[in-house]
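Asks: Following this message is one structure expressed as structure tokens.
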Amino acid sequence: MAELLAGRYEIGPVLTSTALVLRHRGRDTQLDRDVTVTFLRQELAEDEASVGLFSAIISVTSELSHPGIVAVYDAGSGTFGDVPVRWAVGEAVDAPNVDEFSPTPQQAERWGAGMLDIAEQLVQAMQSAHGDGVVHGNLGPSTVLLQTCPDGSLRACVTGFGPQAADLAVLSNPAVTQHMWQAFTEQVEYPSPEQQAGRAPTRRSDIYGFGCVLAALLLHVERAPGGVDSDVARTAALARIAEQAMSEKPADRQHSFAVVGEQLRWVRSAKSLDHLGESGGDSEVSPPTMVLPFAPTARVEPAPATERLTYLPVKRVKRTRRARSAGSSRGRRSSPGGRMFAALTLVVLIVAGIGWGISQSETQASSASITIPSVAGQELGAATTLLGSVGLSLGGQMQRPDAIVPAGLVSATEPAAGIQVPVGHSVTLVISSGPDARSVPQLQALSLASAQEALAASGLVAGEIVQRDGLAAAGSVLDSDPPFGTLVSAGVVVDIVVASGNQRVPSGLPGQAGVAASQQLAAAGLAPQLLSRPSSDVATGVVIEVIPGEGSSVPLGTIVTLVVAEYTPRAADGVPTTTPTTALPTKTPPSPTSAPTSKPTTFSPTSPAAQQDHNGDG
């Protein structure tokens with residue numbers, strides 16, 4: 001019989017390999033399910049940097065739980081095949097990544113809607129990861145798997161999470177830290193510009209990776225019947241989102257996946273996308289939180305290509321060489337990043353051109369124009385109503401600091417008031433965020449010191465430290481007040497909510513069965529113990545008292561006593577109960593100076609002596 005890893009995992013053939021690990025197909029014999037078993041390469045088993053990097057990656061992934069994130073079930077180290085090994089066991093997802101994926105004809109027919117589904121799944125998974133304080137750092141087409149479901153739909157699964165910066169810090173040996181970072185960055189196939197510059201990845205680096213995934217999905221539009229997906233306007237909107245996400249400067253990208261999700265929801269819910277292909281003019285202001293109309297210009301230049309960009313993995317080199325041989329001279333070689341951005345630009349132009357051709361007849365049929373009215377100082381609802389009344393549509397909204405217009409009111413429009421535009425043109429409303437506003441940063445899951453540094457970097461002031469009971473470890477940041485994403489003025493005081501390390505005894509335990517109450521205490525991080533007490537009013541096994549009392553704040557792991565009833569019938573018609581509920585009184589011999597007495601010094605109405613006196617009196 002083949003040897004089992006950790007006494008339960010069968011090891012199958014190698015599926016994939018990297019410079020750090022080998023991934024095998026496996027099976028969990030105890031739970032009878034397929035798994036993926038990842039081993040640290042044997043030649044790296046004694047390398048401190050490689051061991052630290054492997055442990056940090058597994059530690060991060062094992063803390064995440066979301067249907068769109070490939071799960072890690074188990075991890076450890078030991079001996080297998082008479083050699084020491086470090087291993088991790090995770091969910092088995094037998095599916096190609098976005099780089100390798102090729103849609104079926106049925107999937108290609110509705111690829112615009114399919115891309116939207118995949119993008120929404122990916123956003124939800126990354127929102128969950130960022131909410132847990134985890135930055136992916138390696139997000140891209142090579143780390144997103146597309147699994148075809150029985151109904152033909154696609155499930156997006158995120159894998160390949162990188163280590164967190166704090167996990168790689170070895171203060172006693174900075175050289176090891178540098179080696180670990182170098183080993184990790186060598187595995188990143190779609191690094192953001194800031195990662196290429198040697199900086200640690202951030203949440204906006206993951207936004208860039210999302211843009212790469214969406215751009216790779218857009219490259220499949222030519223597989224649809226007729227050369228492009230029939231859903232031209234929606235595809236153009238997705239191309240615009242990808243373009244913003246892949247901006248070279250992090251500040252020009254969407255500031256969070258919540259904003260990306262809002263953009264995608266607007267694309268899905270828009271009743272009419274006919275005007276997504278109209279030109280809205282160039283603007284130097286920050287991108288709105290909604291999708292702006294796609295604006296094809298006379299000429300679109302791809303991003304500058306440098307040899308340091310690595311947007312496309314090695315496995316695509318052969319394909320790009322064939323494309324190059326049909327083009328310019330053999331001696332020239334463009335970077336993978338330039339090729340991908342150029343391909344995305346080509347898709348955008350094709351989609352925009354088709355959309356322009358579809359709507360050209362309607363554009364020529366009506367040359368009526370409307371002057372955009374001024375809505376400055378109005379509330380959002382009133383401004384929207386006014387735009388609709390003159391034949392314009394709402395193209396989205398964005399926030400911008402304004403020293404004059406109060407926060408929450410409309411301060412301007414894009415295009416500006418007074419400009420002539422066609423009937424039905426989309427207009428973006430600019431909402432004032434007050435003077436010099438900025439967003440409260442995400443503090444959840446950070447240490448207190450890191451949260452205070454994040455606030456200072458955002459121009460905000462750390463205020464009161466508010467403790468909250470719960471399951472989180474003491475000192476970890478749970479929330480902020482105002483909460484994450486709130487627009488506030490510079491210098492505003494932000495209170496930090498941290499875990500107290502305590503938990504409150506749940507209420508409502510009396511009257512429950514002892515077993516159910518014990519489970520509720522255990523789920524709250526407390527240690528239940530049962531103690532029985534005779535009772536003539538309550539059934540056996542029912543909780544009649546909780547010690548400490550309900551609502552008490554106690555350290556996690558504290559023992560909480562559940563006093564449960566042990567039913568004992570009351571005495572009836574002078575018949576004593578079978579078991580006395582109190583101890584018999586102890587007769588103390590009288591002292592020589594005391595007067596003799598025939599009765600005990602203590603008296604209980606339920607004691608045998610009391611029963612005898614009662615019977616004698618009767």
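The values are calculated or read from the model by the stated rules, or taken from the named source; none is laboratory data. Remember, predicted model here, so these are calculated numbers, not experimental data. Positions of Cβ are generated from backbone atoms using ideal geometry, with glycine treated the same way; all protein chains shown enter the neighbour counts. Areas reflect the complete protein model, heavy atoms only, side chains present, ligands, DNA and RNA absent. Shrake-Rupley method; radii C 1.70, N 1.55, O 1.52, S 1.80 Å.
Asks: Just for segment 206-262: of the residues that are of a type in the set (Ser, Thr, Tyr) and over 14 Å from residue 126 (Cα atoms), which one is modelled with the highest pLDDT?
Replies: If we take residues in segment 206-262 being of a type in the set (Ser, Thr, Tyr) and over 14 Å from residue 126 (Cα atoms), then 247 is modelled with the highest pLDDT.
Asks: Going by the structure shown, is residue 515 under 29 Å from residue 545 (Cβ atoms) and more than 26 Å from the chain's Cα centre (by Cα)?
Replies: So residue 515 fits the description; yes.
Asks: If you scan segment 471-487, which residues turn out to be open to solvent by less than 70 Å² (accessible area, probe 1.4 Å) and within 18 Å of the chain's Cα centre (by Cα)?
Replies: Passing the criteria: 472, 476, 477, 478, 479, 480, 483, 485.
Asks: What are the pairs with Cβ atoms under 7 angstrom where one residue, in segment 552-568, is part of a strand (DSSP E or B) and the other, located anywhere, is surrounded by 19 or more Cβ atoms within 10 Å (Cβ to Cβ) and polar (S, T, N, Q)? Sequence gap at least six, or different chains.
Replies: Partner pairs satisfying both residue conditions: 554/503; 562/518.
Asks: So which residues in segment 93-118 are open to solvent by less than 40 Å² (accessible area, probe 1.4 Å) and in contact with a strand residue (DSSP E or B) (Cβ under 8 Å, 6 or more places away or on another chain), if there are any at all?
Replies: Residues satisfying the conditions are 93, 95, 97, 98, 101, 107, 114, 118.
Asks: Among the listed residues 55, 65, 77, identify the single one that is assigned to a helix (DSSP H, G or I) and either among the basic types (Lys, Arg) or more than 19 Å from residue 142 (Cα to Cα) (or both).
Replies: Testing whether each residue is assigned to a helix (DSSP H, G or I) and either among the basic types (Lys, Arg) or more than 19 Å from residue 142 (Cα to Cα) (or both) leaves just 55.
Asks: Can you say whether residue 139 is touching a strand residue (DSSP E or B) at 6+ places or on another chain (Cβ under 6 Å) and either buried (at least 22 other Cβ atoms within 10 Å of the Cβ) or modelled with pLDDT of 90 or more (or both), as far as the supplied structure shows?
Replies: no
Asks: Shifting gears a bit: Please name all residue pairs, on different chains or six or more residues apart, with Cβ atoms under 6 Å, provided the first residue is in segment 381-407 and is among the hydroxyl-bearing types (Ser, Thr, Tyr) and the second residue is open to solvent by 40 Å² or more (accessible area, probe 1.4 Å) and part of a strand (DSSP E or B).
Replies: The qualifying pairs are 384/394.
Asks: Being open to solvent by less than 50 Å² (accessible area, probe 1.4 Å), within 30 Å of residue 378 (Cβ to Cβ), in contact with an Asp or Glu (Cβ under 7 Å, 6 or more places away or on another chain) and in a strand (DSSP E or B): is that true of residue 497 here?
Replies: In short, no.
Asks: Out of curiosity, is residue 54 crowded, with 16+ Cβ neighbours inside 10 Å, under 27 Å from the mean Cα position of the chain (by Cα) and hydrophobic (A, V, I, L, M, F, W, C)?
Replies: yes
Asks: Also: Would you call residue 150 farther than 27 Å from residue 5 by Cα and open to solvent by 30 Å² or more (accessible area, probe 1.4 Å)?
Replies: Answer is yes for this residue.
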